[in-house]
Amino acid sequence: MYRRPVDRLLEALPFTQDHKPRDFWALRDVSLNVERGEVLGVVGPNGGGKSTLLQIVSGILEPTRGRVITCGRIAALLELGAGFNPEFTGRENVFLNGEILGIPRGEMERVFPEIERFAEIGSFLERPVKEYSSGMYVRLAFATAIHVDPDILIVDEALAVGDAIFANRCIKKFEDLRRRKVTVLFVSHDLGLVKRLSDRAALMVDGRVAAYGAPSEVVNRYVALVLERQEREQPERYHASSSVYRHGDGASRVLEADLLDSQGNSVRVTEPGMPLTIRVRAQAERDLENPVVGVLVRNRLGIDVFGTNTRIEGVDLGRIAAGESFDVEFTFDCLLTRQDYTLTVATQYQEGFSQDWLDDAIAFSVVDSRDVAGLANFKTKVSWRRVTA
């Protein structure tokens with residue numbers, strides 16, 4: 001990379017060492033092993049090398065060093081516009097993709113009705129794709145990629161432009177691909193989706209793998225990175241935390257967090273409808289003006305179920321002196337379905353910046369003899385009557 005365009009010319013002249021370019025590595029020292037039928041979620045900040053990694057695995061880019069070994073047919077859904085000829089109709093592009101992948105014309109004709117049903121773009125299938133909206137394009141591209149019977153499916157943030165109905169359909173398809181032992185590599189900024197779909201996850205930062213392993217741990221590491229960078233942008237008030245799962249500038253510190261039943265006993269198993277209290281004890285490390293204490297409940301897939309704090313609830317903690325401890329209690333009826341959950345607690349400033357944030361500080365379970373779908377278990381009354389003519 002050259003600092004200025006003219007440096008390209010100056011480099012050719014003698015005694016101009018200062019004008020030499022510098023090397024930039026989009027990826028370096030990356031080593032990953034993904035098993036057959038495994039779903040690998042890739043997360044990280046922009047410019048971290050995620051898309052480059054998928055392009056190399058797809059065979060679009062050749063690595064400068066090292067090698068990639070794949071086994072089986074690869075179907076890739078990368079950046080918008082890749083793989084389709086804008087002048088061709090949707091139908092023509094579907095068959096073109098089949099020919100590129102070496103799929104016989106007869107086989108593509110057999111699966112084409114399924115592609116058409118999944119994409120749901122109607123008569124636009126006979127129109128040039130240059131006339132498509134981004135959502136229509138992704139519908140057709142994703143439908144084609146999953147119906148060419150791939151052994152490896154690679155998806156780069158393409159689902160972000162789809163609507164909620166289509167996104168839900170794609171998630172179900174991912175789960176179906178996992179059951180069929182199709183290997184999936186996908187990049188997403190939806191951290192809840194990464195936790196839900198992935199068997200393992202990788203965090204890409206500055207072209208390297210900064211974390212690799214269980215999705216919940218990798219996502220927590222990513223959240224820590226984001227908060228640390230945010231704190232570095234506020235140097236007069238924040239400093240980076242040395243803990244992966246604990247973030248904040250240290251203006252206050254959470255000393256204890258607990259989940260209590262109606263009698264004040266600490267519990268880790270409860271039932272729907274039972275009253276619960278989350279108690280957070282914190283200590284001010286310096287003088288504070290109306291700090292905020294918050295709680296967040298997530299399910300086992302890492303999806304946020306419910307969160308609130310003292311600012312939202314209209315509770316003013318006032319001025320708290322350095323060294324002073326304080327308790328905050330959140331009391332509510334448990335309206336959760338039978339699942340495992342985690343509880344995150346935090347102290348913050350009014351603006352939302354963290355003083356002390358503890359990810360997944362407590363794990364608890366909700367047990368129930370009833371099979372209720374979803375996340376919320378509402379108190380439901382059912383009435384009925386027979387209607388006669």
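Before moving on, here are some points about what is shown:
- Averaging the Cα positions of each part gives two centres, and for region 87-148 and region 341-389 these lie 41 Å apart.
- Kirkwood radius and radius of gyration were both taken over the C-alpha atoms of the chain, and their ratio Rg/Rh is 1.06.
- When the chain is described by a simple charge dipole with +1 on each Lys and Arg Cβ and -1 on each Asp and Glu Cβ, the residue from G98, T347, G48 located farthest towards its positive end is G98.
- Across all directions, the shadow cast by the convex hull of region 245-366 built on its C-alpha atoms averages 7.1 square nanometres.
- Ranked by the mean number of other Cβ atoms within 10 Å of their residues, highest first, the peptides 342-348, 252-258, 47-53 fall in the order 342-348, 47-53, 252-258.
- In this Cβ point-charge picture (+1 for Lys and Arg, -1 for Asp and Glu), region 269-336 has a dipole of about 220 debye about its Cα centre.
- Over the chain, relative contact order from alpha-carbon pairs under 8 Å, at least 6 apart, %: 15 percent
- Here the dipole of the chain is about 940 debye; that uses its Cα centre as origin and unit charges on the Cβ of Lys and Arg (positive) and Asp and Glu (negative).
- Gyration tensor (Cα) of region 99-225, equivalent ellipsoid semi-axes in angstrom: 30, 17, 13
- Net charge dipole size for region 240-389 [Lys, Arg +1 and Asp, Glu -1 on Cβ; Debye, nearest 20]: 860 debye
All of the numbers you see were taken from the coordinates with simple rules; none came from a lab. Computed from a predicted model, the values in this text were never measured in an experiment. In this analysis, Cβ positions are derived from the backbone assuming ideal geometry, glycine residues included, and neighbour counts consider all displayed protein chains.
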